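Each value in this text was obtained by applying a stated rule to the coordinates, not by laboratory testing. Source: prediction; values computed, not measured. Neighbour counts are summed over all protein chains in view; Cβ atoms, including those assigned to glycine, are modelled from backbone coordinates with ideal geometry.
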Amino acid sequence: MENAEAAAYIGRWRPSSVPPQAAGLARLAVERAAPGTRKRANGLLRAAARLAALAASMGLELVPEVVFHPSVIERFALAAPGVSAPARRTLRTNQRFIARRVVPQLHPPDAALPRERSRAPYSPAEIAGYLALAGAQPALARRMRAAGLVCPGAGAGLIRPGLRGVRGSDVTCRSGGVMVEVRGSRPRVVPVLARYHAPLLAAAGFAGTGLVTGGTDPGRRNVTTRLISSLAGGAGLPSLDTSRLRATWLRDRAELPGLATFLHAAGISCSQRPGDLIAGLEPDSEAGAVALPGASRRS
């Protein structure tokens with residue numbers, strides 16, 4: 001019933017806003033696309049007619065193979081006059097839908113690409129296990145360097161160059177908390193979560209002006225290999241992964257100010273829109289960052 005209604009609507013569709021030839025091509029293309037409802041047919045007709053009108057203004061032949069060519073659709077998305085950004089995206093989506101149905105030889109299916117997901121965070125028990133393993137290393141230097149690996153990762157979210165480049169002098173007590181100064185391409189100061197204060201301060205004091213994970217070159221790329229090997233396998237723990245340490249920090253930080261509750265209440269499941277909003281905000285002061293739950297020093 002719905003298909004018949006949609007087909008009848010397509011047959012009598014005669015808009016006054018586009019040339020008759022463009023409307024005729026739109027009816028032909030949408031009929032071949034076979035929308036299931038009248039509402040869907042209306043959206044496809046409008047998208048096809050707008051595209052055909054642009055093609056006509058460019059002197060192109062009004063046939064599906066030309067009008068629904070990928071280059072013409074992209075030209076519409078970039079240069080169609082009088083179209084808002086949200087409408088432009090919707091129209092292009094509908095035009096691509098029609099093109100896949102009408103001229104599939106010009107629009108092969110997209111290759112399925114794997115999506116990289118965030119690493120699974122460690123549980124509190126696993127973090128406690130790693131800290132215990134760090135404290136059980138046979139040599140003082142190894143104990144301090146192992147703590148200097150776990151604590152900046154799970155306590156401040158540092159990874160790769162930021163983690164390798166932390167010196168003992170970069171860890172300071174101020175603004176009511178323990179701060180780590182991150183150098184490199186994205187310099188910043190990060191408050192450390194409270195449970196990691198004591199072992200990180202001990203590791204920083206041992207390192208002095210040196211690197212808390214050992215070595216002398218912050219650009220070295222295999223610094224964590226021996227440390228990770230010394231902490232792997234204890235008490236049934238999984239292998240230590242610095243990406244999972246950062247994921248643990250992200251989870252712990254997100255839980256504290258009720259971020260998950262806010263995103264759920266706002267109906268947001270994608271990170272792009274919050275990212276766009278946050279890009280226009282100034283971060284709080286250092287004291288304000290420490291004042292967030294979980295970062296203040298315990299008296």
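Translational diffusion coefficient of region 2-106 at 10 °C, 1.306 mPa s, Stokes-Einstein with Kirkwood Rh over Cα pairs, in µm²/s as a whole number. Don't jump to the answer; show the numbers that get you there.
Details: Rh = 13.4 Å.
Value of D from the Cα-based Kirkwood radius: 119 µm²/s.
Given axes a ≥ b ≥ c from the Cα gyration tensor, I'd like to know whether region 45-160 is rounded (a/c under 1.5), prolate (a/b larger than b/c) or oblate. It is prolate, given that a/c is not under 1.5 and a/b is the larger ratio.
Here's how it looks for Arg174: its modeled amide H is under 5 Å from those of Met179, which are all 5 or more places away or on a different chain.
Go through 72-84, 162-174, 32-44 and give me the packing order, highest mean Cβ count within 10 Å leading.
Values: 72-84: 14.1, 162-174: 19.7, 32-44: 17.1.
Descending mean neighbour count gives 162-174, 32-44, 72-84.
Sequence-ordered 3J(HN,Hα) estimates for region 192-197 from the Karplus curve with 6.51, -1.76 and 1.60 and θ = phi - 60° stand at 8, 5, 4, 5, 9, 4 Hz, glycine and proline given as x.
Please give me the summed charge of the neighbours of Phe76: other residues whose Cβ is under 9 Å from its Cβ, Lys and Arg +1, Asp and Glu -1.
On the way: positive: Arg50, Arg75, Arg88, Arg92; negative: Glu74.
Charge balance near Phe76 sits at +3.
Under a 5 Å amide H cut-off, with hydrogens placed 1.01 Å from N, Val189 pairs with Val182 among residues at least 5 apart or on other chains.
Whole angstrom only: what separates the Cα centroid of region 152-176 from the Cα centroid of region 1-77? The two parts, judged by their Cα centres, are 58 Å apart. Residues in region 45-56 carry Karplus couplings, in order, of 4, 4, 5, 5, 5, 4, 5, 5, 5, 5, 4, 5 Hz; the curve used is 6.51 cos²θ - 1.76 cosθ + 1.60 with θ = phi - 60°, and Gly or Pro positions show x.
Phi-derived couplings, Karplus 6.51 cos²θ - 1.76 cosθ + 1.60 at θ = phi - 60°, listed residue by residue for region 3-18: 4, 5, 5, 5, 5, 5, 5, 4, x, 9, 6, 9, x, 9, 8, 10 Hz, with x used for Gly and Pro.
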